Amino acid sequence: MNEKAADRLNPVKLAAPAPPVGRRWLMPLLCAALLGVALWVSGTLAEEHHQWPGQSLSVAEYWLPDAGSEEQRPPVAADWQPVTLPDNWKVSRPFYQGSVWYRLRFDRGSAQTQALLLSRLATSGSLLLNGSQLWERRAERPGITFSWNAPLLVVLPSDLLRAAGNEVLVQVSGSGQYRAGLAAPQLADYAALRPVFKRRNFWQFEGAMLSGTVSLVAGLMMLLTWLRQRQDRLFLFFFGLASLAWAARNSNLFLEQLPLSLEAWTSLVVAGNCWFYALFGLFVLRFAELRWPRVEASLWAYAGLNSILLLLGVFSNFQQLMAVTIAPGLLFFFVLVGLLARKAWHEGSVDTALMTATALVFLLLSYRDLLLLRNQLPYDAYSISHYTGVLMLVSTLWGLVARVVTARVEVVRLNASLGQRVADREQQLQQAFDGLREQRHQQSVQDERQRMMREIHDGVGAQLVGLLNMVARPGAEPAVLHEQVQHALDEMRMAVDSLQPVHDDLLTVLATLRYRLQARLESAGIRVIWQVDDLPALPNLSPQKVLQVQRILLEAFTNILKHARATEVTVSAEYRVGEPAMILLRIADNGVGMSIDLNDQPSSQQADSPVRRHGIGNMQARAAALGAQLRLESSQSGGLSVALDWPVDARAPDKTP
């Protein structure tokens, strides 16, 4: 399918709205601002030692002890050689491993309490003043490495000081491959050096410990968050692991005593650095919603292969270690920063711009620390790239909070939209319901009209047709005509009465029937006794059912008037509780009665006639339409009893016999 055809099939294309122009420039401005701050901090730290109070003891002498005698103090006849501090073994003796003694001379100053600040002494050793030992840091057993990143402030006791010719001996033990050596000590008043030491100790040692702790806690929290929300949250998993790798990478900056050899600990730190690059790269790809399988596979391979090489001890020196592990990692990181910058430029989002800026600062400071490892910065300088881990954590948390807030705003918007849609739908449903109700009402009216027409046609119409036939016949008897007219009136009255609202009350139906027939029965010499109990409301007592009941009762009264020759009629209605509950209607007379079997043909006795048998059949059909049962019995006074057993819970369909 060509592109035009596809456009015809999909005429609407949804595109992400372009961010405002000002938002796009947010990322470059943030990067420039943070890079400027980072460069200023780096430059300030490089010149920090020039502003220290007191005297820098950079002129010194050194002595190399013979193999196996590193722990012995220098003899009187030791061959001291001049040296200018700082002395970086990586430069002066790169393959040396052992101890070096340094001798420094100074005169006592006017300060009441003097002290020495050693900004760097790597990795262990001791310090003596005029032959008295003031400080020592040695491994308790072989294979234990001491921290090399903590500065040292040593108070010089006044009782050990001379007016002139004071001698300080400093022993340094370590390896040239791992930048062992000694920075130039600073001699000054203790009160003046203490603030310098506290500031230096914080940024060089305690800050590294704080940032490592923050990275460890943040990594664990991210992993716990990911465990609770695994769907579409894989970037949290990668960031949590990257934070743990970052904490492992910086652990050698603040651990006082390392339970491994310096070589093993360095391999572990470098492996943590490799895994940080790889995991942070995976985090960036997931966060930027990029699916690059080859790049992800390269990151996994980079971290895994370097870990195996470090475990096997393939690297013979530190230069190889940096060339194979650190340089490719920085290259990977540079590419990932480019991806973040691209996403931040297109989206114009604050969280992505902040993350891009902090990642770029990390790249700059990591390059600065790489220069430090390559001895292209002053020896007493210290690593600061680990502080960007806190910045990256803050930017990531900012991004997560921004996503949560955005999701929350979207939920509120969707809820409002959903509420409006629900309200619109309710209005539509209400309109549809009103229309349906009106339609049903119109249908009910139409049905009632049709029923009335049918009742009038079948009832009143039939009676009037019969009346016309009688009138047209010569010699019609007036009594017969009167009876036919009376039947027509009864049909019309029942049709009208069935339309009156009865509110589910059968008593109203019986009262109306009594009103219509009481005078007529009494004029025929028949006394009517009404024995009606309180009856419950009957649900769904429709006009059709009312008409059926009226016709059954009217047929019974008509038979009494025509055939029973009775003088008394008892009408009773009662409610019987049971399964099911019943309404019992009974009309009993004291007339001549009749002998009839409802299942067989009636016997010819006491005025039985086909007309009467036809009336009884109609009564049975109407009872069946109500879901009731019609019974004909002999009354106690010798006449006939017509009983209707009507279940009140019956839901028989309305039928017209």
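The values are calculated or read from the model by the stated rules, or taken from the named source; none is laboratory data. These numbers come from a predicted model, not from an experiment. Ideal geometry is used to build each Cβ from the backbone, glycine not excepted, and the neighbour counts take in all protein chains shown. All accessible areas refer to the heavy atoms of the entire protein, side chains included, with ligands and DNA or RNA removed. Shrake-Rupley method; radii C 1.70, N 1.55, O 1.52, S 1.80 Å.
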Query raised in the report: Going through region 341-360 one residue at a time, which ones are surrounded by 23 or more Cβ atoms within 10 Å (Cβ to Cβ) and of a type outside the set (Ser, Thr, Tyr)?
Result: Ala344, Ala353, Leu354, Met355, Ala357, Ala359, Leu360
Query raised in the report: So, in region 369-385, of the ones that are within 44 Å of the chain's Cα centre (by Cα) and open to solvent by 20 Å² or more (accessible area, probe 1.4 Å), which residue ends up nearest to Leu121 (Cα to Cα)?
Result: Ser383
Report summary line: Arg179 vs (1) in contact with a strand residue (DSSP E or B) (Cβ under 9 Å, 6 or more places away or on another chain); (2) farther than 29 Å from Gln319 by Cβ; (3) among the basic types (Lys, Arg): all pass except (2)
Report task. Please enumerate the residues belonging to region 46-60 that are out of contact with any Leu (no Cβ under 8 Å at 6 or more places or on another chain) and either over 30 Å from Tyr387 (Cβ atoms) or open to solvent by less than 40 Å² (accessible area, probe 1.4 Å) (or both). Result -> Glu48
Query raised in the report: Of the numbered conditions (1) in contact with a helix residue (DSSP H, G or I) (Cβ under 8 Å, 6 or more places away or on another chain); (2) β-branched (Val, Ile, Thr); (3) surrounded by fewer than 19 Cβ atoms within 10 Å (Cβ to Cβ), Thr396 satisfies every one except a single condition; which is it?
Result: (3)
Query raised in the report: Tell me, which helices (runs of 4 or more DSSP H) wholly within region 260-336 include 1 or more residues that are of a type in the set (Lys, Arg)?
Result: 262-287, 293-312
Query - Subset of region 525-554 (residues that are more than 25 Å from Pro580 (Cα to Cα) and either polar (S, T, N, Q) or open to solvent by 60 Å² or more (accessible area, probe 1.4 Å) (or both)) - result: Arg527
Report task. Could you tell me whether region 204-213 includes any residue that is of a type in the set (Val, Ile, Thr) and surrounded by 15 or more Cβ atoms within 10 Å (Cβ to Cβ)? Result -> no
Query raised in the report: Does region 81-91 include one or more residues that are aromatic (Phe, Trp, Tyr), at pLDDT 90 or above and either outside any strand (DSSP E or B) or touching a His at 6+ places or on another chain (Cβ under 9 Å) (or both)?
Result: yes
Report summary line: Restricting region 234-259 to residues that are touching a Ser or Thr at 6+ places or on another chain (Cβ under 8 Å) and part of a loop (DSSP other than H, G, I, E, B), the one modelled with the lowest pLDDT turns out to be Glu256
Report task. Kindly check whether there is at least one residue in region 83-98 that is open to solvent by 30 Å² or more (accessible area, probe 1.4 Å) and without any contact (Cβ under 8 Å) to a residue 40 or more places away in the chain. Result -> yes
Query raised in the report: Restricting attention to region 263-289, and to residues there that are open to solvent by 30 Å² or more (accessible area, probe 1.4 Å) and of a type in the set (A, V, I, L, M), which single residue is nearest to Ala180 (Cα to Cα)?
Result: Ala264
